[in-house]
Amino acid sequence: MKLVVDENMPYVSQLFAPLGEIVPVNGRQLDAASVADADILLVRSVTRVDEALLGGNAQLKFVGSATIGTDHVDVDYLAARGVPFSNAPGCNATSVGEYVFIALLELAAKYGTSLKQRKVGIVGAGNTGTAVAKCLNAYGVSTLLCDPPKARQHDARQFHPLDTLLQECDVITLHVPLTHGGADATHYLLNEARLQALRPGCWLVNACRGEVIDNQALIRVKRQRPDLALVLDVWEGEPNPMPELVALADIATPHIAGYSLEGRANGTLMLYRQLQRMLGLPLTKTLEDLLPRRWSSRLVLNGAPSEYELLTLCRFIYDLRDDDRKFRKIHQIPGEFDNMRKNHRYRREFSAVALENVAGYGVDWLSELGFSGVKG
């Protein structure tokens, strides 16, 4: 079989080499000629998968996207053709949750406050929004959830209207898919009016899709309201973010909130499992087979960390400031947005570090936060 795969998808050779020839391609430049004789197509969110891409291929057996969202895939077209499709919901949810948590700790340190003094509104309570809530609740931060579709599905959690979050919350963090139609459309969910409705001193985080916020309106509002703080991992017009908006953000990164090694490996691994099942083949690879050992995987605690000490612990695992600094230097250079994503292979999740609590202090919340081996 011939497998055409996005060159930025990690661990492909380790997982798929036994199936046949692997042809890596640039996902943004993938065209109909590239996939004309492919049996398997594996993509990420940068590739539009539709009839224009696949119309000339009569032998396609499977399409996989190592992503949470499916807005880049014409799933109806694939279904009409009878081509099995799988994505990777939840693959990088923990990674996104920890990114947002670390970013909020960074803002708290920058502005001389405590994260526990903020009420956080989480818009979208799927896998990533739930992961954010898990981190915040473990640390004792008050949260409100907004997710109209889940509310209609009688999800047991308590949900609130978006306007309530805008009125009551000191932090708004976005975790919704990008949709353009219907009552729950998320394209420009935060338009100029809603941006102006943010509470004084509000912190706004976007780690889902750039177009969920009207980026031009955000530039105007931020210039009028310097009290607002911005954490932006996604951008309208990727891979060419608006330079004016990058300059206005407190933290700016190139769509890498979900790019922990664990998150990236999980995305590819989920497609591997789905394809192996479809082909009737055994599952012989696990996440542990793919991940390298961290250079330092154990820390000893002598007491419960303060908030700044917790931030220091987070920086020991992943220092978000490094990505922010690098991105500001390269974001206007053609190709460097994608190049930074392609080479982002060093970030680990909290679970990569085991904590030993020798003093016996109550730090169960660190285990709930995601650290492994918390004892004492």
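Calculate one ³J(HN,Hα) per residue across region 364-371 by plugging θ = phi - 60° into the Karplus curve 6.51 cos²θ - 1.76 cosθ + 1.60, and present them in order as whole Hz with x for glycine and proline.
4, 5, 5, 5, 5, 5, x, 5
When MET1, MET270 are ordered from fewest to most other Cβ atoms inside 10 Å of their Cβ, what list results?
On the way: MET1 14, MET270 18.
Least crowded to most crowded, the residues run MET1, MET270.
If you look at just the Cα atoms of the chain, how large are its Rg and its Dmax in Å?
21.1, 65
Summing Lys, Arg as +1 and Asp, Glu as -1, what charge do residues with Cβ under 14 Å from the Cβ of PRO292 carry, PRO292 excluded?
Residues near PRO292 contribute +2 overall.
Working from Cα positions, state the angle (0 to 90°, nearest 10) between the long axis of helix 261-279 and the longest principal axis of the chain.
In the chain, helix 261-279 runs at an angle near 30 degrees to the longest axis.
Classify region 114-261 as rounded, prolate or oblate from the Cα gyration tensor: take a ≥ b ≥ c as the square roots of its eigenvalues, call it rounded if a/c is under 1.5, otherwise prolate when a/b beats b/c and oblate if not.
rounded
If you plug each phi of region 7-12 into the Karplus form 6.51 cos²θ - 1.76 cosθ + 1.60 with θ = phi - 60°, what whole-Hz ³J(HN,Hα) values come out, in order, with x for Gly and Pro?
5, 8, 7, x, 6, 5
Can you compute 3J(HN,Hα) from phi for each residue in region 233-248, using the Karplus curve 6.51 cos²θ - 1.76 cosθ + 1.60 with θ = phi - 60°, rounded to whole Hz and x for Gly and Pro?
So the Karplus estimates, Gly and Pro as x, are 9, 10, 9, 5, x, 3, x, 10, x, 6, x, 4, 6, 4, 5, 8 Hz.
By how many degrees, between 0 and 90 and to the nearest 10, does the Cα long axis of helix 93-110 differ from the longest principal axis of the chain?
30 degrees
Scan around PHE62 for amide H atoms under 5 Å from its own, H built in the peptide plane at 1.01 Å from N, and keep only partners 5 or more places away or cross-chain.
Placed amide hydrogens put LEU41 under 5 Å from PHE62.
Would you mind ranking ARG44, ARG293 by Cβ crowding within 10 Å, fewest neighbours first?
Fewest to most other Cβ atoms nearby, the residues stand as ARG293, ARG44.
Once every DSSP H run of n ≥ 4 in the chain is given -39500 (n - 2.57) and the sum is divided by its residues, what mean residue ellipticity at 222 nm do you get, rounded to the nearest 500 deg cm²/dmol?
-10500 deg cm²/dmol
On a 0 to 90° scale, report how tilted helix 320-330 is relative to the longest principal axis of the chain, with both axes built from alpha carbons and the result rounded to the nearest 10.
Roughly 60 degrees between the two axes.
Taking the beta-carbon count within 10 Å as an exposure proxy, list TYR99, TYR308, TYR11, TYR272 from fewest neighbours to most.
Ordered by Cβ neighbours within 10 Å, fewest first: TYR308, TYR11, TYR272, TYR99.
For THR179, list long-range residues whose amide hydrogen, built 1.01 Å from N in the peptide plane, is under 5 Å from its own amide hydrogen.
Here the answer is THR186, HIS187, since their amide H atoms fall under 5 Å of that of THR179.
FYI, it's all coordinate maths here, none of it is from the lab. Treat the numbers as computed from the prediction; the structure is a model and nothing was measured. Reconstructed Cβ throughout: ideal geometry from the backbone, glycine too, with neighbour counts over all protein chains shown.
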